[in-house]
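For reference, the structure is listed below as structure tokens.
No value in this document is a laboratory result; all are computed from the given coordinates. Keep in mind it's a predicted model, so treat the numbers as computed, not measured. Neighbour counts run over all protein chains shown; Cβ positions are idealised from the backbone, glycine included.
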Amino acid sequence: MPRSMSFWLTQDQFRAQTKRVTRRQGWAFAKVGDVYNGVEKGQGIPKGGHVVRMNQIRVEDERWERLDTITQEEVALEGFPDETPEWFVAMYCKANRCQPDHRVHRIEYSYRFEIQVCDDGEDWVVWDNLRGGFLSRLDEDMEPCAIVYMRREDAERAAAAGKPLDQVAECGDCGALDLWHRIHNNRGCMTCGSQRGSGLNRWEPLGWTP
């Protein structure tokens, strides 16, 4: 299982995927290509609590630099587009008990999963940038519970039609989307009545393509 990286102070930005860069006091071992679990909190979890994993990330770039050299563009990449470099430096120094000229490890990353939240409050994973496919839910270890690989345009079409991604099929006659079991269990397409379907869940896994 990948190592956990905490985003306690920026979990809202992390969940919204408006944050693409993080600055750390250490993490000297982090290198391009490493994959980590982004978690809410890695330490100080009360008895009976558990680590909440939010997403997986892959390191795309890393370097060391002085904290007070941060630019406005970098502040935005940290998830704070409306704040100034001075504000960010002050916030970071207070949270990490360091000085503005402290050397920090700048880590740029991409997200593995593009996530939207369903009406029931559970995470529904829309796109897997590592394996190149749409899939359903994640378990607590950030692993898919069920995977449905398909072309992105097909999955977006299914989502727009309100069809579950792991149960959808395309009618071989009229092209309408319907539930797989309706077409393949002799119940037919609700649009044209056909029982000939072509599943959309045949898709070759891709590489990491954020």
Inset, instruction - Arrange the following residues from fewest to most other Cβ atoms within 10 Å of their Cβ: Leu130, Leu9. - result: Leu9, Leu130
Legend entry - Extension gain, Thr18 back to Thr69 (0.36 nm per residue minus Cα-Cα distance, nm): 16.3 nm
Legend entry - Net charge of Cβ neighbours under 14 Å - reference Ile45; Lys, Arg +1; Asp, Glu -1: +1
Legend entry - Simple Cβ-charge dipole of the stretch 4-111, Lys/Arg +1 and Asp/Glu -1, about Cα centre, in debye nearest 20: 600
Legend entry - Around Arg20: net Lys/Arg minus Asp/Glu count, Cβ-Cβ under 14 Å: -2
Legend entry - Under 5 Å, built H, 5+ apart or other chain: amide partners of Met5: Asn37, Gly38, Val39
Inset, instruction - Could you run the Karplus curve 6.51 cos²θ - 1.76 cosθ + 1.60 with θ = phi - 60° over the stretch 109-114 and give me ³J(HN,Hα) per residue in whole Hz, x for Gly and Pro? - result: 9, 10, 8, 6, 10, 9
Legend entry - Interchain or long-range residues, amide H under 5 Å from Asp34's placed H: Val59
Legend entry - Cβ-based net charge around Thr69, under 14 Å, with every Lys or Arg adding one and every Asp or Glu removing one: -2
